[in-house]
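The values are calculated or read from the model by the stated rules, or taken from the named source; none is laboratory data. Predicted, not measured: the structure shown is a model, and the values here were computed from it. When we count neighbours, we look across all protein chains shown, and the Cβ atoms used for this are built from the backbone with ideal geometry, even at glycine. These accessible areas exclude ligands, DNA and RNA; they are computed on the full protein's heavy atoms, side chains included. Shrake-Rupley method; radii C 1.70, N 1.55, O 1.52, S 1.80 Å.
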Amino acid sequence: MARLYQSGIIATGSYVPDTVVTNHDLEKIVDTSDEWIVSRTGIRERRIAGKDMATSDLATKAALMALKSSNLTAQELDMIIVSTVTPDMNFPSTACLVQRNIGAVNASAFDLEAACSGFIYGMVVAAQFIKTSVCRYAMVIGAECLSKFVNWKDRNTCVLFGDGAGAVILGRVEDDYGILSHILGADGKGADLLALEAGGSRKPASIETVEKQLHYIHMDGSEVFKFAVRIMASMAEKVVRNAGLSREDVDYLIPHQANIRIIEAARKRLELPEDRVYVNLDRYGNMSAASIPVALDEAVRLGRIKKNDNIVMVGFGGGLTWAACAVRWAV
Ligand code: UT7
């Protein structure tokens, strides 16, 4: 049997749009308050893409930044996966648009949809191709323009989300480095808890679907919250165990950035001090599939993550889905 290789992250990049929308800005358009949003979620502001900007534009900027820090050329990429729930359009895939934009002429390209768990799902899929030498280098991007799908009159959702993109390049790494363990999971019984109902084959776009506001994100926040607290903490703990590590071995936690109270549950389960958890939801809100890779890129650029560090990434989202991985940093 041919040799299997360890796959790991060899470069990162990210991009968030310049426009900042603060909680005080939202106070002017919906019945909410900075105090409510901060105390219930931890979010203070979020970035919003301009009218002419779509998910592939954000993804392209993150991709170029990851390429720059890798010293690879776009032609050396064998695969591009874009994880998103807010593609530019139903088809072609956002990944094909990014492939064109960066000139990655040798890369296969496809989108993967697992909501906020999508980035880790994408990374685990790409890792299998690296492991088996089918691919040498694969790019995985989590990118979202959630502001275009949020009902700006619905205070239950519009205060939560933001736009952005994060990218990683996966390649072969030394044995005992890279992705040490991973968990992917789903529970379709919770499919209705977080959804954008219309615009697909079940409810194609019509005057009625627009009038009923079915092209916006709908969420049962408190049910998703209960699921998230349970799953984030238990999956963080399990993925560490599966990697053959104990809690004390974990150097850094990069959680999905949905709500500070959910992140706290995972942090406490791993018994990590606060400075070992990367939090940027105060500045960006929940960027769905982009949250983890943007946080990861920022942590790397700030020098918080170094070679040999054991990193845990964990996320949950619509589907319902969840995903976690333990990574020993290789570069
Ligand atoms: O990435 C995955 C996607 N989603 C999530 O992770 C979301 C998970 N859920 C959450 O983070 C929380 O459930 C929320 C932040 C969405 C809500 O916090 P909560 O503590 O669960 O509040 P709640 O849903 O129980 O609502 C409490 C009250 C309600 O009023 P009544 O019915 O008690 O009078 C809401 O109408 O807060 C009200 N409310 C607001 N008030 C001011 C809801 N949104 C707002 C708002 N400003 N923006």
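Go through 68/307; 226/268; 131/307; 131/226; 61/148 and tell me which ones have a Cα-Cα distance over 24 Å in this structure.
131/226
What is the angle, in °, between the Cα long axis of helix 291-301 and the longest principal axis of the Cα atoms in the chain? Nearest 10 is fine, range 0 to 90.
So the inclination is approximately 50 degrees.
Rolling a 1.4 angstrom probe over the protein chains, ignoring ligands and nucleic acids, what is the accessible area of residue 154 in square angstrom, nearest 10?
Counting only protein heavy atoms, residue 154 exposes about 40 Å² to solvent.
Using amide H atoms built 1.01 Å from N in the peptide plane, name the residues 5+ places from residue 287, or on other chains, whose amide H lies under 5 Å from its own.
162, 257
Can you tell me the 0 to 90 degree angle between the C-alpha axis of helix 260-269 and the longest principal axis of the chain, rounded to 10?
In the chain, helix 260-269 runs at an angle near 40 degrees to the longest axis.
Using Cα pairs under 8 angstrom and six or more residues apart, how large is the relative contact order of region 7-176, in percent?
33 percent
Rounded to the nearest 20 debye, what is the charge dipole size of the chain about its Cα centre when +1 sits on each Lys and Arg Cβ and -1 on each Asp and Glu Cβ?
520 debye
For region 100-127 and region 266-319, what is the centre-to-centre distance using only Cα atoms, to the nearest Å?
20 Å
Which angle between 0 and 90 degrees, to the nearest 10, do you get for helix 55-70 versus the longest principal axis of the chain when only C-alpha atoms count?
20 degrees
What percent of all Cα-Cα pairs in region 20-169 falls into each 5 Å bin, going from 0 up to the bin containing the maximum distance?
Bins of 5 Å from zero give 2, 10, 18, 19, 16, 12, 9, 7, 4, 2, 0 percent of pairs.
Which ³J(HN,Hα) values in Hz, rounded to whole numbers, follow from the phi angles of region 232-244 under the Karplus curve 6.51 cos²θ - 1.76 cosθ + 1.60, where θ = phi - 60° and Gly and Pro get x?
4, 5, 6, 6, 4, 5, 5, 5, 5, 4, 4, 7, x
Which sequence of 241, 267 reflects their accessible areas, 1.4 Å probe, from the largest down?
Sorted by accessible area, descending: 241, 267.
May I have the pair-distance distribution P(r) for region 128-241, computed from all Cα-Cα distances with 10 Å bins from 0 and rounded to whole percent?
10, 26, 32, 22, 8, 1
With every protein chain in place, what's the accessible area of residue 168 (1.4 Å probe, Å², nearest 10)?
For residue 168, the solvent-accessible surface is approximately 0 Å².
Compute the length gained on full extension between residue 191 and residue 282: take 0.36 nm times their separation in residues and subtract their Cα-Cα distance, giving the result in nm to one decimal.
30.0 nm
By accessible area of protein heavy atoms, probe 1.4 Å, what ranking do 278, 177 get, highest first?
177, 278
Over the chain, what is the relative contact order in whole percent, taking alpha-carbon pairs under 8 Å and six or more residues apart?
26 percent
Determine the share of the chain's accessible area contributed by carbon and sulfur atoms, expressed in whole percent, with a 1.4 angstrom probe.
50 percent
Fully extended, how many nm does the chain gain between residue 153 and residue 40 (0.36 nm per residue separation, minus their Cα-Cα distance)?
38.8 nm is the gain from fully extending residue 153 to residue 40.
With only alpha-carbon pairs counted, each pair once and no self-pairs, how large is the Kirkwood hydrodynamic radius of the chain in angstroms?
Kirkwood radius, the chain: 19.7 Å.
At a Förster distance of 56 Å, what's the computed FRET efficiency of residue 133 paired with residue 274, Cβ-Cβ distance as r, to 0.05?
Efficiency computed from Cβ-Cβ geometry: 0.85.
Considering the chain as a Gaussian network with a 10 Å cut-off on Cα pairs, which listed residue, 240, 125, 16, attains the greatest mean-square fluctuation?
In this elastic network of the chain, the residue with the biggest mean-square fluctuation among 240, 125, 16 is 125.
So how much accessible area does residue 307 have, in Å² to the nearest 10, using a 1.4 Å probe?
Surface accessible to solvent at residue 307 totals approximately 90 Å².
Could you compute the FRET efficiency for residue 175 and residue 215, with r as their C-beta to C-beta distance and R0 at 41 Å, rounded to 0.05?
Once rounded, the FRET efficiency stands at 0.25.
Write down the accessible area per residue of region 179-328 in Å², having rolled a 1.4 Å probe over the full set of protein chains.
That works out to 44 Å² for each residue.
Taking the Cα centre of each part, how many Å lie between region 187-223 and region 40-76?
26 Å
Going from the alpha-carbon gyration tensor of region 179-328, what semi-axes, largest first and in whole Å, does one get by taking the root of 5 times each eigenvalue?
Equivalent ellipsoid of region 179-328: 32, 16, 13 Å, largest first.
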